[in-house]
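Below is one structure, written out as structure tokens, with a few remarks after it.
The values are calculated or read from the model by the stated rules, or taken from the named source; none is laboratory data. Only a predicted model underlies this, so the values are computations on that prediction, with no experimental measurement involved. Don't worry about glycine lacking a Cβ; one is built from the backbone with ideal geometry, like all the others, and counts go over all protein chains shown. Just so you know, the surface numbers come from the protein's heavy atoms only, side chains and all, with ligands and any DNA or RNA stripped out. Shrake-Rupley method; radii C 1.70, N 1.55, O 1.52, S 1.80 Å.
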Amino acid sequence: MRITVPRRHLPWIGLLLSLALASTGATLALHFLMLPHSRAGIWGLLFLFLLLPLLALVGAFACLEKHFSRGLARLEEAMRRVNSLDDLTQAVLEEVDFGVDYLNRIAAPLRSMVDRLRELAVDKQVLELELELTERLVLTPRLLREWKDVFRRLVENFRQIFPFLYFFVAFRENGGWKVLVFYGRSPQEPPPGEIEDLIQRALGRGIPSAGEIREVRFEPLNSPSGKEKFPSGPSDVSQLCKVIQLESPSLGAAVGVGIRTEHGLSESALLSLESTLTVLLNLSLSVKAIEVYTKDLEFYATRDPLTGLYNRRAFLDILQAEVERARRRRYPFAVLFLDVDNLKLVNDLYGHEYGDRLLRQVACFLQSHLRRGDLVARYGGDEFLILLPYANLQEAVRIAERLLRDLRTCSLSTPDGKGVPLSCSVGMALFPDHARDPEDLVSVADRAMLRAKTQGKGRVAVPSSEDLNATMSDHRERLALLLEAVERGRVVPFFQPIMDLRSRRIVAYEVLMRIVDAGGEVHPAARFIPAAERLGLIFQLEKLLWEKAVEKASRVSGDHLLFFNLSPSTFVREEFRDWLCDLLERYGFPAERIVVELTERESVRDFSALEMAVAELREWGVRLALDDFGSGFSSYRYLKYLPVDFVKIEGEFVRSMLHHEIDRAFVAGAVTLARVLGIRIVAEFVEDERLLEELSRQGVDYAQGYYIGRPAPDLRGGP
């Protein structure tokens with residue numbers, strides 16, 4: 001029979017044998033001492049029996065010391081690696097046998113304490129990550145612009161705490177998912193098919209009718225995943241996923257991670273992971289919801305809500321581009337101005353809702369009966385504009401007459417069972433024969449259309465010499481008015497009040513430009529601003545306006561804000577900024593009371609120069625507003641890249657929001673977007689109490705319009 005003795009018991013066995021030998025030796029020594037004849041050799045025998053136990057004791061203690069030293073060395077090595085709190089996340093105290101049960105019992109709680117400290121260190125890292133996420137939840141324009149890069153950095157930090165195989169973000173639109181998967185590089189790339197199946201299952205568990213994954217993109221992280229390969233099968237991967245679904249807008253979002261099944265997480269780590277995923281889910285959903293709102297707002301910025309056609313602002317921008325292209329390539333084109341006949345009578349007989357149906361019918365007809373490449377827009381009310389590229393006078397007349405002929409064959413059923421025939425009056429203008437500027441082309445075509453109306457409606461009119469002379473006369477009058485205004489300083493500031501809808505107090509004024517001619521007639525800005533910009537006189541006019549407005553406001557008590565419209569070309573001029581700094585110092589007027597409204601009357605060629613100018617003025621305390629928000633593409637570019645304080649909603653949307661659901665939805669979307677970004681919102685064209693109360697319910701901050709107050713040459717002081 002073979003008996004196996006554990007190595008850790010050998011020192012104790014040696015110690016017991018040594019004691020046994022010592023006691024045996026002592027007994028024998030006493031026995032021999034009692035025998036008289038043995039006293040001669042007893043001392044040698046006694047020495048021998050005492051030496052052997054002593055040697056055994058020395059060996060036993062040497063063996064124990066070796067056990068102690070080896071255990072203490074391992075403990076010291078583990079402790080030496082911990083130089084900071086972060087190192088505790090990697091601290092592991094191995095099983096060490098000290099050879100003594102009492103010491104081993106002390107080591108067990110020590111190992112438990114190290115494990116607990118390691119968990120606390122992980123919890124600390126998770127808390128720091130959650131704090132970082134909370135800070136990043138402030139939705140700034142930079143976050144909206146670079147959300148994928150921001151997510152990448154967050155996920156890389158996240159991976160240092162939770163060594164996941166992959167992390168995914170998914171968005172659901174129109175019944176399908178788009179998924180972005182982040183993963184750490186390894187010798188074996190992730191199997192896309194397996195990961196896609198796993199994510200599909202996770203999404204299905206979160207939303208039973210989740211829909212299929214339509215698009216998957218894999219993005220490798222900068223932090224490698226080490227030498228580990230991806231698991232060979234889906235059973236080796238555990239997933240944790242958070243999913244949410246919104247009804248309005250119809251949008252779903254999900255975030256999740258895949259972790260090796262063998263890497264089980266503690267209860268505290270699992271709770272921290274779920275908490276972090278919830279924060280990331282809220283962040284991703286907010287970013288996507290704003291993106292959806294922005295797309296809708298961008299669409300209606302260039303489209304007429306009733307008909308879906310281009311609106312007036314978008315058409316004039318396209319017409320400007322067509323003018324410049326036609327000048328370079330030397331080709332003619334035509335502009336048709338259409339007015340629906342008898343729409344007022346239809347509205348009176350059957351109501352405005354039926355009149356809107358008629359306008360939609362005309363819009364659909366025009367879209368389906370034009371040439372490919374022609375463009376149609378709703379100019380306003382019952383008026384439509386059509387751009388016919390590469391069309392001479394004869395071709396433009398032929399197209400216009402065909403449209404009217406085909407339109408007569410159409411009719412719209414009325415509520416009383418009758419039919420209303422569709423009819424339009426058309427005027428036209430040809431570039432470059434009749435005019436060379438967008439505004440003049442529209443003006444000539446408008447005059448020709450009015451002549452077609454007076455001649456019996458339902459016909460086409462070509463510009464007459466009277467139409468062209470009247471347009472040229474208007475052009476000369478505007479030029480003379482501008483030159484005299486600059487030379488004699490006839491620019492006059494008018495102040496329109498802006499009300500805070502919470503306190504119902506007047507807290508600001510918009511400064512509007514007017515020109516008073518020699519006869520005392522006041523001319524609004526809409527009549528001369530486009531011509532001033534073409535002639536390069538806008539800078540002189542804006543300087544005169546600012547000078548007189550600041551001088552007048554400095555003499556009135558109160559701290560009202562002053563909103564000034566400013567063209568981007570003036571804004572980026574260093575000369576203007578130097579002049580403005582001198583103006584404010586001269587009158588002792590605080591820069592914090594100035595709000596600059598950026599307008600979209602002209603495009604910005606050097607956007608970086610605009611950003612630098614904005615940064616400089618904001619250092620002084622000047623604030624920034626976007627004027628006519630929703631009327632063009634530039635509003636969203638400004639909102640995305642510039643530090644905006646105020647947004648002024650395009651008045652056409654505000655004026656119609658009580659009667660048209662699309663306009664109401666646009667205003668609500670603009671309010672939501674501004675609120676998320678921490679921007680205050682101003683509604684223009686507020687003309688009655690019902691509209692004021694509805695804007696207040698929508699969460700609009702400020703209101704401006706004739707119901708609040710009409711523009712006047714003086715501003716009221718006081719609180």
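Counting only residues that are in contact with a strand residue (DSSP E or B) (Cβ under 6 Å, 6 or more places away or on another chain) and over 23 Å from GLU533 (Cα atoms), how many does the stretch 563-593 have? Residues flagged as in contact with a strand residue (DSSP E or B) (Cβ under 6 Å, 6 or more places away or on another chain) and over 23 Å from GLU533 (Cα atoms) within the stretch 563-593 amount to 1.
The set of residues in the stretch 159-173 that are open to solvent by less than 10 Å² (accessible area, probe 1.4 Å), closer than 14 Å to TYR183 by Cα and either of a type in the set (S, T, N, Q) or in a strand (DSSP E or B) (or both) comprises TYR166, PHE167, PHE168, VAL169. Checked against the criterion of being modelled with pLDDT of 70 or more, open to solvent by 30 Å² or more (accessible area, probe 1.4 Å), closer than 30 Å to ILE649 by Cα and within 22 Å of the chain's Cα centre (by Cα), the stretch 265-282 contains one or more residues that satisfy it.
Among the residues of the stretch 666-697, those that are under 23 Å from SER286 (Cα atoms), open to solvent by less than 60 Å² (accessible area, probe 1.4 Å) and of a type outside the set (Val, Ile, Thr) comprise PHE666, ALA668, GLY669, ALA670, LEU673, ALA674, LEU677. Report, by residue number, each residue of the stretch 660-669 that is in contact (Cβ under 8 Å) with a residue 60 or more places away in the chain and out of contact with any Asp or Glu (no Cβ under 9 Å at 6 or more places or on another chain). Answer for the stretch 660-669, where residues must be in contact (Cβ under 8 Å) with a residue 60 or more places away in the chain and out of contact with any Asp or Glu (no Cβ under 9 Å at 6 or more places or on another chain): just ILE662. Looking at ILE498, ILE515, ILE506, just one residue is without any contact (Cβ under 8 Å) to a residue 40 or more places away in the chain and either part of a strand (DSSP E or B) or buried (at least 20 other Cβ atoms within 10 Å of the Cβ) (or both), and that residue is ILE515. Quick check, is ALA400 over 28 Å from HIS660 (Cα atoms) and surrounded by 16 or more Cβ atoms within 10 Å (Cβ to Cβ)? Judged against the criteria, ALA400 is a match.
Which members of the stretch 213-239 meet the condition of being touching an Asp or Glu at 6+ places or on another chain (Cβ under 7 Å), at pLDDT 70 or above and more than 12 Å from ILE199 (Cβ to Cβ)? Within the stretch 213-239, LEU221, ASN222 qualify. Tell me yes or no: at least one residue of the stretch 546-555 is more than 28 Å from ARG478 (Cα to Cα) and either exposed (fewer than 13 other Cβ atoms within 10 Å of the Cβ) or at pLDDT below 90 (or both). Yes, the conditions are met somewhere in the stretch 546-555.
Against the definition (modelled with pLDDT of 90 or more, crowded, with 18+ Cβ neighbours inside 10 Å, under 19 Å from ARG527 (Cβ atoms) and of a type in the set (A, V, I, L, M, F, W, C)), how does LEU430 come out, yes or no?
Spelling it out, it is not the case that LEU430 is modelled with pLDDT of 90 or more, crowded, with 18+ Cβ neighbours inside 10 Å, under 19 Å from ARG527 (Cβ atoms) and of a type in the set (A, V, I, L, M, F, W, C).
The numbered conditions (1) exposed (fewer than 13 other Cβ atoms within 10 Å of the Cβ); (2) within 26 Å of ALA532 (Cβ to Cβ); (3) not basic (Lys, Arg) are all true for SER465 except (2).
Filtering the stretch 702-714 to residues that are open to solvent by 20 Å² or more (accessible area, probe 1.4 Å) and not β-branched (Val, Ile, Thr) leaves TYR702, TYR706, TYR707, ARG710, PRO711, ALA712, PRO713, ASP714.
Can we say ARG555 is free of Cβ contacts under 8 Å to residues at least 60 places away in the same chain, farther than 23 Å from GLU484 by Cα and in contact with a Leu (Cβ under 8 Å, 6 or more places away or on another chain)? Judged against the criteria, ARG555 is not a match.
Any residue that is under 18 Å from PHE315 (Cα atoms) and either open to solvent by 10 Å² or more (accessible area, probe 1.4 Å) or among the hydroxyl-bearing types (Ser, Thr, Tyr) (or both) - is there at least one of those in the stretch 342-350? No, the stretch 342-350 contains no residue that is under 18 Å from PHE315 (Cα atoms) and either open to solvent by 10 Å² or more (accessible area, probe 1.4 Å) or among the hydroxyl-bearing types (Ser, Thr, Tyr) (or both). Looking across the stretch 240-258 at every residue that is part of a strand (DSSP E or B) and open to solvent by 20 Å² or more (accessible area, probe 1.4 Å), the one that is modelled with the lowest pLDDT is identified as LEU246. Of the residues making up the stretch 637-665, those that are open to solvent by 10 Å² or more (accessible area, probe 1.4 Å), of a type outside the set (A, V, I, L, M, F, W, C) and closer than 21 Å to LEU624 by Cβ are ARG637, LYS640, TYR641, PRO643, ASP645, GLU650.
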